[in-house]
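Right, one structure below, let's go through it.
The values are calculated or read from the model by the stated rules, or taken from the named source; none is laboratory data. What you are looking at is a predicted structure, and each value in this text was computed from that prediction instead of being measured. So basically every Cβ, Gly included, is an ideal-geometry build from the backbone, and we count neighbours across all protein chains shown. When the accessible area is computed, the model is the full protein with side chains, heavy atoms only, and any ligands, DNA or RNA have been set aside. Shrake-Rupley method; radii C 1.70, N 1.55, O 1.52, S 1.80 Å.
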Amino acid sequence: MRINNVVKITSLAAAGLLALTACGATTAGSTAGGTESPSSASSSAAPSSASSSSAAASSSAAEGASTGAYTAAAWALPITDKGDKLGAIKGDSFSVDIYQVATDVASKDSMFVDKETKENLLKKGDPIVYLNYVVTNTSSADIPLSHSLVTPKAKYLDWKYMGGMPSDSSSDGYKKHGLSSSGVKLKEKDPFVLKPGESFNLAENFAYTAGKETGIEATLTPQDAAGDLDHDKKEKAETTVTLK
């Protein structure tokens, strides 16, 4: 079976087409989305006797507690579990719960086209889907992470092109749906220590087809004491889900 090459159009080489490399269409941290405010921050006015406890609750929510059964790490953005849960990935020391949060349309053309047909693989106005991934430390030990964190990536099982799938890189869509592609609070520095039972979340989007079988792979590479990635302890896990 012949594999079509995907090429990337750049402003510096408008006359030619570059073959799409094995890099994915989205990268964690490459698009800074919006954050969700803790529910306590929007609580209605209460008698003065309860104001101090409300303030304390808001402070606590900002530091950790988030939506549902998840406890956010101190460095992580608040966690949302809204949407349809499609499935989960189970690694040796971590898990990833997968939520289909929203569908929308692409705000602009992607940078990837089919080499033979010259058709853009994700045009402005094409449907896209947002998936949110909640990563949890299921082990009994701290997991120090670098800026690469644990980054799940989705790809349709019948995706015929090399590399990942194109996405809408605009941050507006993430903000609109209360999501983030980074997962980390601003100004936080690595190592990002994920303690046992703690979680963080991050999202991605890509071209949407309802009912599509989608493979999702997650890789965890912890950081060692010197600040380098410890590839000897790398973990990979994957699953297949069906989009709603």
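Laid out as a table, the results:
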| read-out | value |
| --- | --- |
| Set of lysines near residue 115 by C-alpha distance (under 29 Å), chain-local residues within fewer than 8 positions excluded | 8, 123, 124, 153, 155, 160, 212 |
| Length gained when the stretch residue 142-residue 187 is fully extended (0.36 nm per residue, less Cα-Cα span) | 14.1 nm |
| Among 162-170, 137-145, 236-244, the order from most to least packed when residues are scored by Cβ within 10 Å on average | 162-170, 137-145, 236-244 |
| Candidate aspartates and glutamates for bridging to residue 187, where Cα separation is under 16 Å - those fewer than 8 sequence places away on the same chain excluded | 63 |
| Cleavage-rule hits, trypsin sites (Lys or Arg not before Pro), the stretch 142-180, DSSP coil, Cβ neighbours within 10 Å at most 15 | 160 |
| Heavy-atom surface of the stretch 189-244, accessible at 1.4 Å and reported per residue (Å²) | 50 Å² |
| FRET E, pair residue 172, residue 213, Förster distance 22 Å, beta-carbon r, rounded to 0.05 | 0.15 |
| Carbon and sulfur %, accessible surface of the stretch 97-139 computed with the full protein complex present, 1.4 Å | 51 percent |
| Cα gyration tensor, the stretch 174-240 - rounded (a/c under 1.5), prolate or oblate | oblate |
| Share of carbon and sulfur in the accessible heavy-atom surface of the stretch 143-209 [1.4 Å probe, %] | 55 percent |
| Cα-projected label distance for residue 235 with residue 84, points at 7 Å along beta-carbon direction, nm | 2.9 nm |
| Distance from the stretch 217-239 to the stretch 108-148 (C-alpha centre basis), Å | 19 Å |
| Contour excess over end-to-end distance, with Cα ends at residue 119 and residue 107 and 0.36 nm allotted per residue | 2.6 nm |
| Shape call, the stretch 90-244: gyration tensor on alpha carbons, a/c limit 1.5 | prolate |
